[in-house]
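Undergrad: My questions all concern the structure below.
Just so it is clear, none of the values below were taken in a lab; they were calculated from the coordinates. What you are looking at is a predicted structure, and each value in this text was computed from that prediction instead of being measured. Every residue, glycine among them, receives a Cβ derived from its backbone with ideal geometry; neighbour counts consider all protein chains shown.
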Amino acid sequence: MAPTDAGERGIAVARVRLASLTTLKVGGEAEVWTCERDDAVREATRDAFRVLGGGSNLLVADAGVPERVVRLGRAYADLEGLGAGADAWLGAAVPLPGLVRRARHLGLSGLEGVLGVPAQLGGAIVMNAGTRFGEIGDVLQEVDLMVDGRVERVGAGELGLAYRRSALPPRAVVLRARLRLTPSTPERVAAAEATVDAARRGQPKARSAGCAFKNPPGDAAGRLIDVAGLKGTRVGDAMIAHEHGNFVINLGAATAADVVALLERVQAAVPVALEVEWRRWGLPGGDPPQRGWGPRPAAGSAPAGGGAPAGGGAPAGG
Ligand code: FAD
Ligand code: EPU
């Protein structure tokens, strides 16, 4: 269905198969609200919602989800904020690969560790994406969040960032973030990236959502799955990659049911408890939807678009 109503409210609404918005290419339909301004995000989060970033760490049920899915649009994806200095405010829909490239071009260091992570900035913050060479939390200073219809500025130290996790306030949407990079040279940044690139070289190129399981303390899930002889194990079109035991790849027509069955088979076969790294929508044990901030009181309720500042890269307030 074609997007509707993008102009005045700064929101485009369309029913979309979420498979098309996730890297694993699995998942049914939902109503997707793409927001171009803070007041649009405010409006979109009035009722129960889920937030979608780059869809690169997500398994969505075959039936889709009944809640609206909120995405940040192009106004939040502008890279221009990077360049004026080592500190930059960037919208949460900025694609990480483009950001990493631009930082290298400008000779700004700090993002080398997230080379090859196909996230948006907001999703990278929520997952504290990274590698053993560095994570997004290393350069994060503060964020603007939409929480219950209000924009709040929160310091990175209050976000509970740890290995592949964060503790944002419930119902928060990351709108933008301030990163602090370190002046260096393109050559030095490229050299540091080469180390990260080498560490990633064995990862499969096929459709996936990255590593399926978190590494248990002191070990690697990929190694455990490998020594259990599970590479190549297949349920429908979902398969444990031959290149790396912690990647589930979609050979073409995998369903969420296939993927879930495969994850369960792995968990049953590996002698160490493995925690799924992916966010899961509409599936047993998965993430519940976020509660909306409405309904507002019947009398004197605020009009749609209650005055929060607009724009992706522009900071909200002092
Ligand atoms: P999504 O998958 O869209 O969402 C993830 C979670 O964040 C969801 O709960 C979603 O609701 C929430 N979210 C997204 N945006 C916002 C927002 N603006 N506000 C509030 N909540 C939001 N990860 C690593 O850490 N290291 C790696 O090396 C790595 N390699 C990968 C390689 C491949 C090929 C792939 C496909 C994935 C890889 N990943 C890796 C996993 C994935 O890229 C990260 O988890 C990433 O942080 C997910 O970001 P996203 O924008 O795609 O978020
Ligand atoms: N290993 C095997 N067999 C395999 C896979 C790995 O024996 O099939 C062994 C390797 O030889 C190595 C160890 O396991 O000794 C760790 O493997 P690797 O270096 O590939 O790293 P990883 O721990 O599997 C982590 C992240 C990746 C990130 C790489 C970057 C997790 C769960 N995974 O992988 O992140 O890209 O390091 O080096 O933390 C993600 O989170 O989605 C992700 C892809």
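Undergrad: Among the residues of region 84-97, what is the count of those that are within 15 Å of the chain's Cα centre (by Cα) and farther than 15 Å from Ala156 by Cβ?
TA: Here the count works out to 6.
Undergrad: So which residues in region 154-172 are more than 16 Å from ligand 2 (Cβ to nearest atom), among the charged types (D, E, K, R) and surrounded by 15 or more Cβ atoms within 10 Å (Cβ to Cβ), if there are any at all? Before you say what the answer is, go through the steps one by one.
TA: Keep residues of region 154-172 that are more than 16 Å from ligand 2 (Cβ to nearest atom), which gives 154-160, 167-172.
Next cut, among the charged types (D, E, K, R) only: 158, 171.
Passing the criteria: only Arg171.
Undergrad: Sticking with this one: For region 286-303, does any single residue satisfy the condition of being farther than 25 Å from Gly28 by Cα, away from ligand 1 (no atom under 15 Å from the Cβ) and surrounded by 15 or more Cβ atoms within 10 Å (Cβ to Cβ)?
TA: Keep residues of region 286-303 that are farther than 25 Å from Gly28 by Cα, which gives 293-303.
From what is left, the residues that are away from ligand 1 (no atom under 15 Å from the Cβ) are 294-303.
Filter again for surrounded by 15 or more Cβ atoms within 10 Å (Cβ to Cβ), leaving 294.
Yes, region 286-303 contains a residue that is farther than 25 Å from Gly28 by Cα, away from ligand 1 (no atom under 15 Å from the Cβ) and surrounded by 15 or more Cβ atoms within 10 Å (Cβ to Cβ).
Undergrad: Sticking with this structure for a sec: So which of Val189, Val260, Val272 is within 30 Å of Gly110 (Cβ to Cβ) and away from ligand 1 (no atom under 16 Å from the Cβ)?
TA: One residue alone meets the criteria, Val189.
Undergrad: Okay, next question. Restricted to region 36-51, and to residues that are in contact (Cβ under 8 Å) with a residue 60 or more places away in the chain and of a type outside the set (D, E, K, R), which residue is farthest from Ala12 (Cα to Cα)?
TA: The selected residue is Ala48.
Undergrad: I'd like to verify a number: residues in region 144-188 that are under 29 Å from Phe213 (Cβ atoms), touching a residue at least 60 places away in the same chain (Cβ under 8 Å) and not hydrophobic (A, V, I, L, M, F, W, C), how many?
TA: Selection size over region 144-188: 3.
Undergrad: For region 106-119, what are the residues that are part of a loop (DSSP other than H, G, I, E, B) and either on the phi > 0 side of the Ramachandran plot or free of Cβ contacts under 8 Å to residues at least 60 places away in the same chain (or both)? Full working, then the answer.
TA: The initial filter retains those residues of region 106-119 that are part of a loop (DSSP other than H, G, I, E, B), namely 107, 110-111, 115-119.
If the condition is that a residue be part of a loop (DSSP other than H, G, I, E, B) and either on the phi > 0 side of the Ramachandran plot or free of Cβ contacts under 8 Å to residues at least 60 places away in the same chain (or both), then Gly107, Gly110, Gly116 are the ones that fit.
Undergrad: Residues of region 11-20 being touching a residue at least 40 places away in the same chain (Cβ under 8 Å) and closer than 16 Å to Ala253 by Cα, which ones?
TA: The answer is Arg17, Leu18, Ala19.
Undergrad: Continuing with this model, one more query. Can you name the residue in region 88-134 that is of a type in the set (D, E, K, R) and buried (at least 22 other Cβ atoms within 10 Å of the Cβ) and, of all such residues, is nearest to ligand 1 (Cβ to nearest atom)? Show your work before the answer.
TA: Just the residues of region 88-134 that are of a type in the set (D, E, K, R), to begin with: 101-102, 104, 112, 132.
If we keep only those that are buried (at least 22 other Cβ atoms within 10 Å of the Cβ) as well, we get 104, 112.
Working: Arg104: 17, Glu112: 12 Å.
Only one residue fits best here, namely Glu112.
Undergrad: Among the residues of region 28-37, is any out of contact with any helix residue (DSSP H, G or I) (no Cβ under 6 Å at 6 or more places or on another chain), of a type in the set (Phe, Trp, Tyr) and surrounded by 16 or more Cβ atoms within 10 Å (Cβ to Cβ)?
TA: Within region 28-37, none of the residues are out of contact with any helix residue (DSSP H, G or I) (no Cβ under 6 Å at 6 or more places or on another chain), of a type in the set (Phe, Trp, Tyr) and surrounded by 16 or more Cβ atoms within 10 Å (Cβ to Cβ).
Undergrad: Taking Arg50 as meeting all but one of (1) under 20 Å from Ser20 (Cα atoms); (2) out of contact with any Pro (no Cβ under 6 Å at 6 or more places or on another chain); (3) not in a loop (DSSP other than H, G, I, E, B), write down the number of the exception.
TA: (2) is the only condition that Arg50 fails.
Undergrad: When you go through Ala177, Ala194, Ala241, Ala190 one by one, which is the residue that is closer than 19 Å to Leu96 by Cβ and touching a strand residue (DSSP E or B) at 6+ places or on another chain (Cβ under 9 Å)? Quick ask: steps written out before the conclusion?
TA: On the way: Ala194 fails: touching a strand residue (DSSP E or B) at 6+ places or on another chain (Cβ under 9 Å); Ala241 fails: closer than 19 Å to Leu96 by Cβ; Ala190 fails: touching a strand residue (DSSP E or B) at 6+ places or on another chain (Cβ under 9 Å).
Unique residue meeting the criteria: Ala177.
Undergrad: Given (1) surrounded by 14 or more Cβ atoms within 10 Å (Cβ to Cβ); (2) without any contact (Cβ under 8 Å) to a residue 60 or more places away in the chain, where does Gly218 come up short, assuming only one miss?
TA: (1)
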